[in-house]
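The values are calculated or read from the model by the stated rules, or taken from the named source; none is laboratory data. Source: prediction; values computed, not measured. Every residue, glycine among them, receives a Cβ derived from its backbone with ideal geometry; neighbour counts consider all protein chains shown. Heads up: the accessible areas ignore ligands, DNA and RNA and are worked out on the full protein's heavy atoms, side chains in. Shrake-Rupley method; radii C 1.70, N 1.55, O 1.52, S 1.80 Å.
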Amino acid sequence: MCKPSTDLLIPQVGIITHIRQETPDVKTFRIVTTSGAKAFSHMPGQCAMLSVPGIGEAMFSIASSPTNTEFMEFSIKACGTLTDHLHRLAIGSHVTIRGPYGNIFPMEDAFKGRDLLFIAGGIGLAPVRSAIKYVFDNRTNYGHVDILYGARSADDLVYRHEIEENWASQPNTNVYITIDRPQDDWSGHTGFVPAYFADIGFAPDKMALVCGPPIMIKRTLDALLTAGFKKDQVYTTLELRMKCGIGKCGRCNIGPKYVCKDGPVFRCDELDALPDEY
Amino acid sequence: MMKIAKEHLPRLFAALAKQIDLLLPAQQAEVVNFAPFCPDAEIDLTTLKTANTPKHFFLPQVEDLYTAAVNAGQISISAADTPIKPFAIFGVRACDAAALDVLDSVYLSDPIDQFYQTRRQAGCIITLACEKPTASCFCTAFGINPTEPCGDITTWLTDDVLYWQPNTEKGDKITELVADLLQLTDESPAQDISENICLPLDKFNPDNLLALFNAPNWQDLSVACIACGACTFVCPTCQCYDITDFDTGTSITRYRCWDSCLYSDFTQMAHGNPRTTQAERFRQRFMHKLVYHPANNDQYGCVGCGRCVAACPAGLNIVKVIKKLEVAGNV
């Protein structure tokens, strides 16, 4: 008689040790295991399954860098059953965590030694933050860094304090921020990300990473191609409903690819071979 | 090759069942299904298609994963304690045996699903060759020979003899349990090559993925689909599952259960749904079996058992889909 091991689907218990209100509907949760350690190691681009038993389980991108060996951070927008519940939790609350899942940004190959252009919209900055912090912590391995970030309003900019206080002052780094429409307390740029990208006029000699809502990704990709970028210079991440995280449960496929396992990171030329069903 | 007189089959089954959990096709309330052996069971070795497939024994319809006790925001987790005993299934047909290869390609590929693997290791498949296909059979279209089923042991039943051929180490071990009832023989069972059914599958390959996906026929083909999911539940290869919670009142049991890509909430997310119409969900089911699964595993995800043909209340089926897309000439 033997008993099955269920390692792959059984989570660890995690504790929320810190909560930061990023925007009216986005909070960043710091999570460690019950023994105070980081739950597992990961690379930028990877995700984890967070859950509250009885409420639900969902996949979230890991917003902290692997160079942080003490804890993981998740920036989560309240937009559904589980995420609304997570927003009601206090420091010290338990959640469950399993992972890491998915492939990674090419930090150690295609991005290494290159100038990098990070483009994000809204909460799409969460996975990009992991890559940005990884670059800053391994600064000599990368060239010039440009960060272009947009949100609906100034109030919806996540990591605003971190961007202004830390990212903007990093060596050999430019940060560009825009919000969709003018507002009274905003003196910065206004307009959509793809238009701002075209206005700035980036040279197409960099590797680019684009994350955000699907429509923003599609428009930004068009703008990148117009600016002379090739599709194999541009990476993005996709997101679909997931249950298992290991390519078995069958619901996050785009054609023959499973976003949980073969993604979430895709090079844009790879997307051409896939059905437009995401 | 070994054999046993057909009249002695009850002794063979009784002897096996004494030593291992034995499942075999039996009539229960006018339905033939795999059931645990019992002396007065109405064993049925003529019906080709059990209502349920052997998938049930390797990927149960519902399976507990773990229990989470939640007290004042504190969680403790204990893994499900489901013991799995060795078992043998007699009377598995060639299509259903081939379907396990399809499930294996998913559940035994890295990372291995430990639940499934444990059950696969514990289960011995004793197949039974088919003599004559039913009207809804089309396994031969997918390259399956119904007269030569795979499995740990292959058997052939004639009017008066059951021929018995172990194929694997596991099959040898089961054979040893009943060796005194089996006679060695030089005879080999007469194998009528059953009628080969051909389906126009040439265009269903990964090179035509986008052309098939974008074919204009999916709307017409799916218009009668009522999204009941019957085809997915009777299918021996359908493999998708949901993970969800059951509140026991004192704790939360997280379990997995079969799911269907034909259901509208299958891909529903807080921010939207990539498949909003039944045509898109219908397309997913057939593209998965005929194109996506082959792209990843070099085998079709259909074994032609035909259960879906009989189960669909709207008269839809994979044969119609294949033929329609082929003749439509848009691939």
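Here is how the numbers come out for the structure above:
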item: When residues of segment A:85-127 are limited to those that are of a type in the set (Val, Ile, Thr) and within 12 Å of chain B (Cβ to nearest Cβ), the one nearest to the chain's Cα centre (by Cα); result: A:123
item: Subset tally (residues that are open to solvent by 30 Å² or more (accessible area, probe 1.4 Å) and outside any helix (DSSP H, G or I)) for segment B:16-40; result: 11
item: Residue A:69 in contact (Cβ under 8 Å) with a residue 24 or more places away in the chain, in contact with a strand residue (DSSP E or B) (Cβ under 6 Å, 6 or more places away or on another chain) and open to solvent by 20 Å² or more (accessible area, probe 1.4 Å); result: no
item: Test for residue B:225: is it hydrophobic (A, V, I, L, M, F, W, C), surrounded by 17 or more Cβ atoms within 10 Å (Cβ to Cβ), in the same structural domain as residue B:32 (by TED's automatic domain parsing) and part of a loop (DSSP other than H, G, I, E, B); result: no
item: Those residues of segment B:255-287 which are outside any loop (DSSP other than H, G, I, E, B), closer than 22 Å to residue A:8 by Cβ and open to solvent by 10 Å² or more (accessible area, probe 1.4 Å), in sequence order; result: B:255, B:257, B:258
item: Qualifying residue in segment A:114-123 (condition: in a helix (DSSP H, G or I) and of a type outside the set (Lys, Arg)); result: yes
item: Residue match in segment B:154-171 (condition: without any contact (Cβ under 8 Å) to a residue 60 or more places away in the chain and part of a loop (DSSP other than H, G, I, E, B)); result: yes
item: Qualifying residue in segment A:178-201 (condition: over 18 Å from residue A:151 (Cα atoms) and over 19 Å from the mean Cα position of the chain (by Cα)); result: yes
item: Residue that is farthest from residue A:78 (Cα to Cα) [pool: residues in segment A:146-165 that are over 16 Å from the mean Cα position of the chain (by Cα) and without any contact (Cβ under 8 Å) to a residue 24 or more places away in the chain]; result: A:165
item: Single match in B:225, B:231, B:240 (criterion: within 13 Å of another protein chain (Cβ to nearest Cβ), hydrophobic (A, V, I, L, M, F, W, C) and under 18 Å from residue B:285 (Cβ atoms)); result: B:240
item: In segment B:288-331, the residues that are open to solvent by 30 Å² or more (accessible area, probe 1.4 Å), of a type in the set (Gly, Ala, Ser) and under 17 Å from residue B:95 (Cβ atoms); result: B:310, B:311
